[in-house]
Amino acid sequence: MNISRAQQIIESEKEIEVLHNGTPVWLQSVDESKQTARAYTRQQPDNEMDIPVNELHES
């Protein structure tokens with residue numbers, strides 16, 4: 001995935017499933033300078049992580 005698509009997903013009114021290493025994650029924000037997305041899993045919503053956007057995939 002790229003930064004532009006990650007931002008589109010965040011701004012979308014539809015729920016778009018995004019996977020990181022096969023696990024669904026919710027995107028919160030993107031950092032263009034670091035090329036990362038702030039995300040969390042449904043199972044652990046308090047465990048936010050910064051993930052390189054190139055490791056994210058739409059299902």
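Values in this text are rule-based calculations from the coordinates and carry no lab data. None of these values were measured; they are calculated from a predicted model. Methodologically, a virtual Cβ is constructed for each residue, glycine included, from the backbone with ideal geometry; neighbour enumeration extends over all protein chains shown.
The charge dipole of the chain, taken about its Cα centre with unit charges on the Cβ of Lys, Arg, Asp and Glu (plus for the first two, minus for the last two), comes to roughly 80 debye. The candidate values were (1) 23, 43, 22, 10, 2, 0; (2) 23, 54, 21, 2; (3) 26, 62, 12; the one computed from these coordinates for P(r) over Cα pairs in 10 Å bins from 0, in percent carries the label (3). For VAL30, nonlocal amide neighbours, meaning residues 5 or more places apart or on other chains whose placed amide H falls under 5 Å from its own, are ARG38.
Could you tally the net charge around ASP31, taking each other residue with its Cβ under 13 Å from the Cβ of ASP31, Lys/Arg +1 and Asp/Glu -1? Summing Lys/Arg as +1 and Asp/Glu as -1 gives -1.
When you count the other C-beta atoms within 10 angstrom of each residue and take the mean per peptide, 9-16, 34-41 line up highest first as 34-41, 9-16.
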